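Read the structure below first, then the notes.
Values in this text are rule-based calculations from the coordinates and carry no lab data. Remember, predicted model here, so these are calculated numbers, not experimental data. Note that we place each Cβ from the backbone using ideal geometry, even for glycine, and neighbour counts take in every protein chain shown.
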Amino acid sequence: MSDASFIGLGSMGLALASAVLQRGHSITVWNRTSQKAESLVQAGALLAQNVKSAVCASPVVFICVDNYETARSILGSQAARELSGRVLVQLSTGSPQDAREMEVWAHDRGANYLDGAILAYPEQIATPQSTILVSGSESAFHQAERYLKVLAPKLIYLGDQVGAASALDCATLSYLYGALLGTVHGSLICESEGISVNDYRFLLPEYSSIVSGEVAKLSQCIYENRFENPTASLKTYFVAWERIVQQAQAAQISQAFPAFISSLLDQAVSDGYGSEEFAALIKTL
Ligand SMILES: NC(=O)c1ccc[n+]([C@@H]2O[C@H](COP(=O)([O-])OP(=O)(O)OC[C@H]3O[C@@H](n4cnc5c(N)ncnc54)[C@H](OP(=O)(O)O)[C@@H]3O)[C@@H](O)[C@H]2O)c1
């Protein structure tokens, strides 16, 4: 018997299994391409000959493959019945709906299920930069907690609503993509006006600290459902944004991002939220 099994040894699965092994826990591993387990085996991991043996080897089974469908097809083919009475921790990336379906699937096979979202790159696993969100069965969390804490010093258990980890992961990605897209368009503005993107690059860190204050304030307004008496109204934001639309038209660069923002703000003003906080846009969305 091992302390934990790891199924899936791609870039992320390998990082997860290595970290737990290095912390002195005994592990059994399985991967479709068995050669990827070589370094782990040399370091003391047991290599299971098939998925069923990997599941049978430990009370806690981690799976990290490309998606939930792959996870179910791997486990379902040989090991589904062996999951009964064990903790299954899903660390592949998926949607909240994937998590809910996987929980039902796992429960139907007698497993205790925990769903996780990794907010880190493989090289950050087991470093202070690693965050893992988990949700689902509390008893499953307690059984897997000692290994999860190795993987992510910032480990957050969000309760028994199993889709919560994935939902929060999607929400943080939404923030990231918004910021990335805005930065790409900002660079395009610079290039189209003959300004060095390097100047923009050096301006951004300082501006980011102002933005993070605004973002915190915005989410507080939404949390408290309080949109009155803004320091800058949604209408003010809308009018200010029109300069971005005009610049894109005049410079003949893509208007996709400016037009997208403009249409949302325009709709929110038409809906009657022009004198409220920017956060009131959520009522339109
Ligand atoms: N890498 C990151 O930065 C990162 C960050 C956060 C979350 N994640 C998530 O972690 C999960 C794994 O990512 P990764 O970076 O490790 O991907 P990866 O390097 O591409 O590895 C994919 C894993 O899935 C296995 N797999 C795919 N299709 C399979 C199939 N049909 N049957 C059996 N095994 C199959 C692969 O097996 P083979 O080795 O045999 O191909 C491998 O173990 C993903 O859900 C990803 O979103 C990754």
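At a glance:
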read-out	value
Contact order relative to length of the chain, as percent, for alpha carbon pairs under 8 angstrom and 6 or more apart	12
Hits among lysines - C-alpha to C-alpha of Lys283 under 26 Å, sequence gap 8 or more where chains match	Lys217, Lys235
Net charge of Cβ neighbours under 14 Å - reference Glu193; Lys, Arg +1; Asp, Glu -1	-1
Separation of alpha-carbon centers, the stretch 228-285 and the stretch 91-151, rounded to whole Å	38
Two-site label geometry, Tyr175 and Ala251: point separation in nm, points 7 Å out along Cα→Cβ	2.8
Burial ordering of Thr127, Thr28, fewest other beta-carbon atoms within 10 Å first	Thr127, Thr28
Solvent-free Debye scattering, log10 I(q)/I(0), computed from the Cα coordinates of the stretch 104-201 at q = 0.11, 0.15 Å⁻¹	-0.48, -0.70
Where GluC sites (Glu not before Pro) fall in DSSP loop in the stretch 180-217, at most 13 other Cβ within 10 Å	Glu193
Normalised per residue, the volume of the convex hull around the Cα set of the stretch 219-262 (Å³)	78
Cα gyration tensor, the stretch 196-284 - rounded (a/c under 1.5), prolate or oblate	oblate
Inter-site label distance for Glu206 and Met1 at 7 Å from Cα along Cβ, in nm	6.1
DSSP-defined antiparallel bridges as percent of all bridges, the chain, nearest 5	20
Approximate shape of the stretch 4-159 as ellipsoid semi-axes (Cα gyration tensor, √5λ), whole Å, largest first	20, 19, 14
DSSP bridge orientation in the stretch 22-173 - percent antiparallel, rounded to nearest 5	30
Order of Ile118, Ile210, Ile244 - criterion: other Cβ atoms within 10 Å of each residue's Cβ, fewest first	Ile210, Ile244, Ile118
0 to 90° range, to nearest 10: angle between helix 68-78 axis and the chain longest Cα axis	10
Efficiency of FRET from Cβ geometry, Lys235 and Gln124, R₀ 30 Å, rounded to 0.05	0.10
The chain: mean projected area of Cα convex hull, nm²	18.0
Relative contact order [Cα under 8 Å, 6+ residues apart], the stretch 4-159, whole percent	20
Sum of -39500 (n - 2.57) over DSSP H runs of 4+, divided by residues of the chain (222 nm, nearest 500)	-17500 deg cm²/dmol
Fewest-first sequence of Trp30, Trp241 by Cβ atoms within 10 Å of each Cβ	Trp241, Trp30
Residue-by-residue Karplus 3J(HN,Hα) for the stretch 24-36, coefficients 6.51, -1.76, 1.60, Hz, glycine and proline x	x, 7, 7, 9, 10, 10, 8, 8, 3, 9, 5, 4, 5
Mean separation of Cα contacts under 8 Å, 6 or more apart, over the residue count of the stretch 98-159: relative contact order %	31
C-alpha center-to-center spacing [the stretch 39-53, the stretch 169-224] in angstrom	44
